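Below is one structure, written out as structure tokens; the observations come after it.
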Amino acid sequence: AFHEALFVMLSRDNALLGHGMQCAASEHVLDVLNEQIGTNFECFASPLNCRWPMYCSAFPDTDVKFGSKGSFFDFYPTSGSYEVNPPFIESIMIGAVEHIENLLRDKESMGLSFAVIVPGWTEIVAFQKL
């Protein structure tokens with residue numbers, strides 16, 4: 001079962017041309033976020049590039065076997081600090097910002113924060129919303 005899950009996960013990664021569509025934050029950046037604001041969860045990662053054991057990913061059906069907590073869009077934390085570095089695809093970035101806004105509006109949320117990494121493309125809606 002492990003080898004089958006590994007094959008599917010690697011095949012999907014390869015189908016995406018073997019690389020992401022974002023600028024991944026370095027380990028140093030993630031360590032600073034952890035030290036300064038307690039971030040220890042990546043909202044857009046994969047089994048191949050996660051820094052911490054808990055993360056959300058694009059393919060929960062196979063990635064859950066490697067520690068994924070599912071899609072960020074189906075993730076509803078009420079506390080904690082999270083790193084959000086979505087793929088630099090406008091619809092995904094807008095969706096991430098809107099999901100964060102909804103999470104922060106939730107009356108159950110206490111002490112919830114997000115460190116968001118998106119390009120400084122001032123003309124895109126996600127950047128403007130942030």
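Above 27 Å lies some portion of the pair distances; for the chain, what is it as a whole percent of all C-alpha pairs? Display every interim value, and only then the final one.
Working: 1480 of 8385 pairs.
The answer is 18 percent, as a whole percent.
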Distant-in-sequence amide H partners of CYS56 (H built 1.01 Å from N, under 5 Å): GLU42, CYS43, PHE44, ALA45, LYS69
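When the accessible area of the chain is split by element with a 1.4 Å probe, what percent falls to carbon and sulfur?
Working: 4360 of 7630 Å².
In the chain, the share of accessible area belonging to carbon and sulfur is 57 percent.
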Tilt relative to the chain, helix 27-37 - C-alpha long axis, 0 to 90 degrees, to 10: 40 degrees
Qualifying aspartates and glutamates (Cα of each under 14 Å from Cα of LYS129; at least 8 residues distant if same chain): GLU90, GLU98, GLU101
Crossing angle, helix 2-15 versus the chain [Cα axis fit, 0-90 degrees, rounded to tens]: 70 degrees
C-alpha long axis of helix 90-105 to longest principal axis of the chain, angle in °: 60 degrees
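What number comes out for accessible area per residue over the chain if the probe is 1.4 Å? Units Å², please.
Details: 7630 Å² over 130 residues.
Per residue, the chain has 59 Å² of solvent-accessible surface.
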Residues whose placed amide H lies under 5 Å from that of SER81, excluding near-sequence neighbours: ASN40, SER113
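The values are calculated or read from the model by the stated rules, or taken from the named source; none is laboratory data. It should be emphasised that the depicted structure is a prediction, and the values quoted were computed from it without experimental measurement. Side chains included, ligands, DNA and RNA excluded: accessible areas come from the protein's heavy atoms. Shrake-Rupley method; radii C 1.70, N 1.55, O 1.52, S 1.80 Å.
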